[in-house]
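The values are calculated or read from the model by the stated rules, or taken from the named source; none is laboratory data. Only a predicted model underlies this, so the values are computations on that prediction, with no experimental measurement involved. Quick reminder, even Gly has a Cβ in these numbers, built from the backbone with ideal geometry, and neighbours come from all protein chains shown. These accessible areas exclude ligands, DNA and RNA; they are computed on the full protein's heavy atoms, side chains included. Shrake-Rupley method; radii C 1.70, N 1.55, O 1.52, S 1.80 Å.
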Amino acid sequence: MDLTGESFQLSISDMILEFKSYSEKIRLDAQGQVKHFVCSKCTKPDYIFNYSTVDEHTLEDATVVFTGQPGHNELLNYNWEVLMRDQAIYIRVNFVDHADILSILAKVSKNSTIVGVELVLHNLSADVVSVDPLIHPLGSLILLYLTHWKNGLLIHASGVLDKNEAYLFTGVSGIGKSTMARLWKESGAAVLNDDRLVIRRIDGRIMVYNNPMPYYAQRPLRGELKKIFLLKQSLHNYITPLKGVAAYSRVLGNFIQQFYQKEMVQRHLEIVEQTINLVDVYEVGFKPDQDIVEMIREMD
């Protein structure tokens, strides 16, 4: 079984990651045919992902700059590492109990539009192998660096689009991001995503985008970000504005930031500061009912 030459396209310049469907997978059948991912609207993609299968990864003289393991609530058992060699980043994920994949190695570079992804499979002669092209945590790490190089941010948050305005709700795990997204959906708003979103400054506006994630069936959505809410569980609903350093410091920790160079860290902090300067930030305590949705809508 050979994936060599199979690819999909990605656009960050206009709409983040416009696929025909975020729920499609690379699927191989007995004849080696692959369902392609294509960019549905972009005429000039920023990146092209090329997939191939190999017997083993060969990566000599590379320096490990980050390592990680899954959180306690994740479905897959794996370990990952980010390596550097010749100004390129290599992201390697080793899966412990995945049904089809032993490991994945991806090469991304600031100066290249090609993202090469190599898969080592348990059984190269299998009739069917179904692979999410941005399987976690590979997809999260790749998108982090590609988005950063386009002056964007990734944030752990839920996001909604209500009357052409986007709101983000962020905070520690379990604080109520998914609950808030559900409340807004029940009130008629569109949910961008309830876990991870992309933020970019476009023509003086802060835009927020959903992005493809494993286990999510969604269509590309974006909106102008108007407010960021830091969630607190509370016996009563309240909204408190945050300004300056308080707003910056409270939001900062919710951005994804596995950076390996001082310059990247500094640029990341600058982009966060630019975002906070243009978007209102609030602390919101809430009960899980529709009252908080109406309270936020009545702010303007």
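List of remarks:
- In the range 64-121, counting only strands (runs of 3 or more DSSP E) that sit wholly within it, the ones holding 1 or more residues that are aromatic (F, W, Y) span 78-85, 88-95.
- Residue, most open to solvent (accessible area, probe 1.4 Å), within the range 239-256, restricted to residues that are touching a residue at least 60 places away in the same chain (Cβ under 8 Å) and not aromatic (F, W, Y): I239
- Count of the range 257-268 residues which are exposed (fewer than 15 other Cβ atoms within 10 Å of the Cβ) and of a type in the set (A, V, I, L, M, F, W, C): 1
- Odd one out for G32 among (1) small (G, A, S); (2) at pLDDT 85 or above; (3) loosely packed, with under 13 Cβ neighbours inside 10 Å: (2)
- The requirement of being open to solvent by 10 Å² or more (accessible area, probe 1.4 Å), touching a strand residue (DSSP E or B) at 6+ places or on another chain (Cβ under 7 Å) and under 22 Å from N151 (Cβ atoms) is fulfilled somewhere in the range 84-103, by at least one residue.
- Here the range 180-229 is the region considered, the condition is being within 16 Å of the chain's Cα centre (by Cα) and among the hydroxyl-bearing types (S, T, Y), and the residue that is modelled with the highest pLDDT is Y209.
- Of all residues in the range 104-117 being free of Cβ contacts under 8 Å to residues at least 60 places away in the same chain and among the polar types (S, T, N, Q), the one that is most open to solvent (accessible area, probe 1.4 Å): N111
- So V281, is it more than 30 Å from V108 (Cα to Cα) and open to solvent by 80 Å² or more (accessible area, probe 1.4 Å): no
- Counted residues, the range 162-179 - those being at pLDDT 95 or above and among the aliphatic types (A, V, I, L, M): 2
- Looking at H148, H156, just one residue is outside any strand (DSSP E or B), in contact (Cβ under 8 Å) with a residue 24 or more places away in the chain and surrounded by fewer than 21 Cβ atoms within 10 Å (Cβ to Cβ), and that residue is H148.
Conditions (1) more than 18 Å from A181 (Cβ to Cβ); (2) acidic (D, E), marked per residue:
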{"residue": "V245", "(1), (2)": "yes, no"}
{"residue": "Q257", "(1), (2)": "yes, no"}
{"residue": "Y260", "(1), (2)": "yes, no"}
{"residue": "E273", "(1), (2)": "yes, yes"}
{"residue": "N277", "(1), (2)": "yes, no"}
{"residue": "Q290", "(1), (2)": "no, no"}
